[in-house]
1. Based on DSSP H runs of at least 4 residues, each adding -39500 (n - 2.57), what is the mean residue ellipticity at 222 nm of the chain after dividing by all its residues, to the nearest 500 deg cm²/dmol?
2. May I ask you to evaluate 6.51 cos²θ - 1.76 cosθ + 1.60, the Karplus curve with θ = phi - 60°, for each residue of region 122-135 and list the ³J(HN,Hα) values in order in whole Hz, giving x for glycine and proline?
3. Quick check on region 4-64: take the gyration tensor over C-alpha atoms, sort the square-rooted eigenvalues as a ≥ b ≥ c, and tell me if it's rounded (a/c under 1.5), prolate or oblate.
4. Once the other residues with Cβ under 13 Å from the Cβ of Y48 are scored (Lys, Arg +1; Asp, Glu -1), what is the net sum?
5. How large is the direction-averaged shadow of the alpha-carbon convex hull of region 20-106, in nm²?
6. Which order do the peptides 72-85, 103-116 take when ranked by the mean count of other beta-carbon atoms within 10 Å per residue, highest first?
7. Using mean Cβ contacts within 10 Å as the protection proxy, how do 25-32, 47-54 order, highest first?
8. Enumerate the amide H contacts of A72 below 5 Å, restricted to partners 5 or more residues apart or on another chain; note that Pro and chain-start residues carry no placed amide H.
Amino acid sequence: MKTKRISEAMEKALNTQMTREAYQAQVYLAYASWAEVNGFTGISEFLYKHMEEERMHMSKFLKFINDRGGHARIAAIEAPPADPKDLGDCLRQALQHEINNSKAIDEIVHLAHEEKDWATFSFGQWFVKEQIEEETLINELLDKYNLAAGEETGNAGLYEFDRDTATASQEATLPRDEVL
Ligand code: OFO
């Protein structure tokens, strides 16, 4: 058994976030399935891939909690939201989920700072950056959707948007990552 190196409060917060990441995966899974049955195969492929990313986040929390001497406890996952009204609604909802998740990550980093728990603070930084990327990724997808759904382009625009999204990267490039 490892020596416990996180506080009770931090263990609880990290466990809650672990389950929240599982919920994020459920959201993408539900939206991917909705997109698939509604004929948006490209979007659904993108969303299925993103679901895997969220599961990887969940595992990162699990490993971190246990490595720091805590106990990652597997809990029930909240049901995903109702089906979106349309593709635009689907992407807007996905973005809102990411924004909510970013706020939850910020709370963990804040707690780590207050507790001077620099190991968790450092661990949390990875997620802070990841969330900037994920918000950017979905925002960019939403911008492309808005262009594609414009009146001039009609269904042809949406068709191309869907087709191209299947192979879109899961990583957004942030200005500070670019080599100058
Ligand atoms: Fe995009 O939610 Fe995980 O961190």
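1. On the way: 5 runs with 129 residues, N = 180.
The per-residue figure over the chain is -25500 deg cm²/dmol.
2. Residue by residue, region 122-135 yields 5, 4, x, 4, 4, 6, 4, 5, 4, 5, 4, 4, 5, 5 Hz.
3. On the way: a/c = 6.72, a/b = 3.26, b/c = 2.06.
In terms of gyration-tensor shape, prolate.
4. Values: positive: K49, R55; negative: E36, E45, E52, E53, E54.
That sum, taken over residues with Cβ under 13 Å, equals -3.
5. On the way: hull surface 23.2 nm².
Seen from a random direction, the Cα hull of region 20-106 projects 5.8 nm² on average.
6. Details: 72-85: 12.8, 103-116: 15.1.
Top of the packing list down: 103-116, 72-85.
7. The most tightly packed comes first, giving 25-32, 47-54.
8. So A72 has HN proximity to N66.
Every read-out reported here was derived from the displayed coordinates using simple, explicitly stated rules and does not represent laboratory data. This one's a predicted model, so the numbers in the text were calculated from it and none came from an experiment. A quick note on method: Cβ atoms are made from the backbone with ideal geometry, for glycine too, and the neighbour counts reach across all protein chains shown.
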